[in-house]
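Presented below is the structure to which this report refers.
All of the numbers you see were taken from the coordinates with simple rules; none came from a lab. Bear in mind that the values here come from a model prediction, so they are computed numbers and not experimental data. In this analysis, Cβ positions are derived from the backbone assuming ideal geometry, glycine residues included, and neighbour counts consider all displayed protein chains.
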Amino acid sequence: MAQFAVIGLGRFGSAASLELMKMGHSVLGVDINSKVVDKYADQLTRAVIADVTDKAAVDELGLDNYDVVLIAIGDDIQASLVCVVHLKAVNVNKIWVKAISHAQHLILSKLGVDRIIHPEEEMGIRVAQMLSYPMVNDYISLGNGEFVVEITASERLDDISIGEVLRTNNDVVEVLLIKRKSQILVRPADDFILQAKDILVLFGPLNILRTIAPKLI
Ligand code: ADP
């Protein structure tokens, strides 16, 4: 269990906070607006009214005790940047910031935050990738063109071995695991017989995964 603080409980900050709570973490929510704080007070570990542009108010929050502070202030770029400066002064472990403009990104990277998030752009890219590969349930990009993807096997693959599907042209794709109902089978061998609706978690280069994905559906 990790300790998170989320500053700004708008749509983005509240969604992130509630999801972290669901995952069993501890979340401090901070907002300048008392109505917003009241709304989430019962659902978060702690919820506090504070203006994070005020250095004394930030110091009182004790944010250096948290693993990550996520600044999720929406349109007020100035408030978000001033908050970063205050957090840097109290040596917060990790600072993640939601950014809405190129200029803000530039200043944040100069200030040296740990992660800058552009929700609209990142979600747009994800939606485009899901639209063009509807068979892919989910994926993680590992950088350098390598991906982990989750694909559900179609009826067509019932009773066929992994080798027959995946080992046709020296493909360098690894089957990390197969989920079958509540069972998880780690690193199945090539002679493992698939069933329809098995969920395959594959690792490999994107260009190879692109050629393999259509064989699985
Ligand atoms: P979203 O697009 O995620 O809904 P909003 O701009 O609506 O973003 O929400 C940002 C939240 O940040 C609001 O609830 C707002 O009250 C809060 N906020 C704005 N400025 C400050 C500040 N200086 N200190 C603390 N919270 C702030």
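Put a dot 7 Å past the Cα of residue 156, heading toward its Cβ, do the same for residue 59, and the two dots end up 6.6 nm apart.
Once both labels are positioned 7 Å from their Cα atoms along Cα-to-Cβ, the gap between residue 132 and residue 85 label points is 4.2 nm.
Backbone amide hydrogens, once placed in the peptide plane, bring residue 45 within less than 5 Å of 27, excluding anything fewer than 5 places away on its chain. Bridgeable lysines around residue 215 (alpha carbons under 22 Å apart, same-chain partners fewer than 8 residues away excluded): 179, 181, 197. The length gained on full extension between residue 19 and residue 122, counted as 0.36 nm times the residue separation minus their Cα-Cα distance, comes to 35.3 nm.
Between the C-alpha center of the stretch 32-84 and that of the stretch 101-143 there is a gap of 23 Å.
Residue 73 sits among other residues whose Cβ lies under 10 Å from its own Cβ, and their net charge, with Lys and Arg +1 and Asp and Glu -1, is -2.
Stretching residue 176 away from residue 140 to a fully extended chain increases their span by 11.6 nm, per 0.36 nm per residue minus the current alpha-carbon distance. Within the listed set 193, 151, 32, the residue fluctuating most in the Gaussian network model of the chain (springs between alpha-carbon atoms under 10 angstrom) is 193. Simple rule: put +1 on each Lys or Arg Cβ and -1 on each Asp or Glu Cβ in the stretch 1-160, find the dipole, and look at 160, 86, 103; the Cα lying farthest toward the positive end is 86. Each label was represented as a point 7 Å from its Cα along the Cα-to-Cβ direction; for residue 148 and residue 76 these points are 3.8 nm apart. May I ask you to list the lysines whose Cα is less than 21 Å away from that of residue 39, ignoring any residue fewer than eight positions away on the same chain? Reachable lysines: 22. Can you give the percent of C-alpha pairs in the stretch 106-146 whose distance is more than 11 Å? Within the stretch 106-146, distances greater than 11 Å cover 73 percent of Cα pairs.
Applying 0.36 nm per residue to the separation of residue 189 and residue 48 and subtracting their alpha-carbon distance, the gain on full extension is 45.5 nm.
The smallest convex shape that holds all Cα atoms of the chain, its convex hull, gives 150 Å³ per residue.
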